[in-house]
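I have placed the structure first, in the form of structure tokens, so that the comments after it can refer back to it.
The values are calculated or read from the model by the stated rules, or taken from the named source; none is laboratory data. Note that the coordinates shown come from a computational prediction; the quantities given were computed from them, not determined experimentally. Methodologically, a virtual Cβ is constructed for each residue, glycine included, from the backbone with ideal geometry; neighbour enumeration extends over all protein chains shown.
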Amino acid sequence: MKLRRHRYAHLRSDPCAYILCIGEEFAIITVWVDDLLLFATTIRLMNKMKSDIKAKWEVTNLGEPSKIVGIKITMSKDSIAISQRRYIESILKKEGLERANPVGMPLDPNTPLEPNPEGNEGNHSNSFARLLGELQFIANATRPDIAYTVNRLVAYTTNPSLQHVGALKRILRYLLGTRDHAIVYKALPQEPNFFYGYVDASYGNADDHRSISGYVFLAGNGAITWSSRKQVSIALSSTEAEYVALSKAAREACWLKSLYSKLGLLQEDIPTLIRGDNDGSIAMARNPQFHKSSKHIAIWWHWVRDLVQEGKVFINSCHDPEQMADVLTKALPCPKHQKHTREMGLVPA
């Protein structure tokens, strides 16, 4: 309320962000508990923002940001990088793995994960769950390359077997060898639609035969948002699984579009590009001609058709080698995993 008196508008697309627009210039305040990050297009507007905040609260100016909520921020003239090396190293030290042998990918594609054969009743208060929670924070914040493996292991939280514990340790060994990696966002020439996404699904890849959806959106050649999640219902075909994944990615695109439009960085009439590798699901999204094979699909997934017809989303086909969302839906061989990791802007800093 106090910020609104200074003409700062509360962003509907993000409840923790406020924006002040003066002509073509704008300033942004992001809030995390008692930590603030300030962004402005000019030094004059940055100074005004600091004065507005100091007039209402007692604050400490820490200068150019270098870290927030465990995430390291490295800025240069033409790039910004985010990483979590210290947080990763603290976990490795706590687990006694700071001198372990690194591996090239977080999950071995030749060793499928299976439920605990003993079938004992478990609980959520075990060391497996604690470590998994720490890794999930890393996967959500700066490391999309481990998102699939971490979310697969979540299914075994209450009753982990030795195989699951070994898989969890393998993630740590992978992070040991890539702890210097950071997502790097580069300053690129201004484009009308500067963010775009990839979406994929792995059909029947979970233990209960449900499919895994994965998507990633990029800006400045770096991943800005991503997801790897098990679908809520069993898909009857790979086309249906990919169609559900398309719908989820389209919803994320709408949120990003709303956010960037409010910031004045994007024209609302320009469709967001989403790339998928399943021609059947793309055809279903563009035209409801496959009625017999799609009439059983829950109504809410068909919202993606409206977005396509209204010109808010443009879905394009890409070949499998180019599908970087593949790393969010299944375990991949080392060369392919590393290729898609680099494509998401995750490189040694």
For this session: Would you mind finding the one in A235, A285, A223 that is touching a residue at least 24 places away in the same chain (Cβ under 8 Å), touching a helix residue (DSSP H, G or I) at 6+ places or on another chain (Cβ under 7 Å) and assigned to a strand (DSSP E or B)?
Result: A223
For this session: Take the stretch 257-280 and flag every residue that is assigned to a helix (DSSP H, G or I), touching a residue at least 60 places away in the same chain (Cβ under 8 Å) and under 19 Å from Q309 (Cα atoms).
Result: S258
For this session: Tell me, please, whether a residue that is polar (S, T, N, Q), loosely packed, with under 12 Cβ neighbours inside 10 Å and outside any loop (DSSP other than H, G, I, E, B) can be found in the stretch 84-93.
Result: no
For this session: For the stretch 123-160, name all the residues that are free of Cβ contacts under 8 Å to residues at least 24 places away in the same chain and not in a helix (DSSP H, G or I).
Result: S125
Exercise. Among the strands (runs of 3 or more DSSP E) confined wholly to the stretch 1-63, which include 2 or more residues that are more than 24 Å from the chain's Cα centre (by Cα)?
Worked result: 17-22, 25-32
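Take the stretch 1-22 and flag every residue that is surrounded by 15 or more Cβ atoms within 10 Å (Cβ to Cβ) and among the hydrophobic types (A, V, I, L, M, F, W, C).
Filtering the stretch 1-22 for residues surrounded by 15 or more Cβ atoms within 10 Å (Cβ to Cβ) gives 3, 6, 8, 11, 13-14, 17-21.
Of everything in the stretch 1-22, those that are surrounded by 15 or more Cβ atoms within 10 Å (Cβ to Cβ) and among the hydrophobic types (A, V, I, L, M, F, W, C) turn out to be L3, L11, A17, I19, L20, C21.
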Exercise. Which pairs have Cβ atoms under 6 Å, sit 6 or more apart or on different chains, and link a residue in the stretch 31-58 that is more than 27 Å from G70 (Cβ to Cβ) to one that is in a helix (DSSP H, G or I)?
Worked result: D52/H6
For this session: Test P192 against the criterion of being closer than 30 Å to K312 by Cα, over 22 Å from the mean Cα position of the chain (by Cα) and assigned to a loop (DSSP other than H, G, I, E, B), and give yes or no.
Result: yes
Exercise. Would the stretch 45-68 turn up any residue that is surrounded by fewer than 12 Cβ atoms within 10 Å (Cβ to Cβ), out of contact with any Phe, Trp or Tyr (no Cβ under 8 Å at 6 or more places or on another chain) and under 27 Å from P189 (Cβ atoms)?
Worked result: yes
For this session: For Q163, work out the one condition from (1) assigned to a helix (DSSP H, G or I); (2) at pLDDT 95 or above it doesn't fulfil.
Result: (2)
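Report, by residue number, each residue of the stretch 6-55 that is among the polar types (S, T, N, Q) and over 19 Å from I73 (Cα atoms).
Step one: list which residues in the stretch 6-55 are among the polar types (S, T, N, Q), which gives 13, 30, 41-42, 47, 51.
Answer for the stretch 6-55, where residues must be among the polar types (S, T, N, Q) and over 19 Å from I73 (Cα atoms): S13, T42, N47, S51.
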For this session: For the stretch 177-206, enumerate the residues that are farther than 22 Å from K330 by Cβ and surrounded by fewer than 16 Cβ atoms within 10 Å (Cβ to Cβ).
Result: D180, K186, A187, L188, P189, Q190, E191, P192, N193, F194
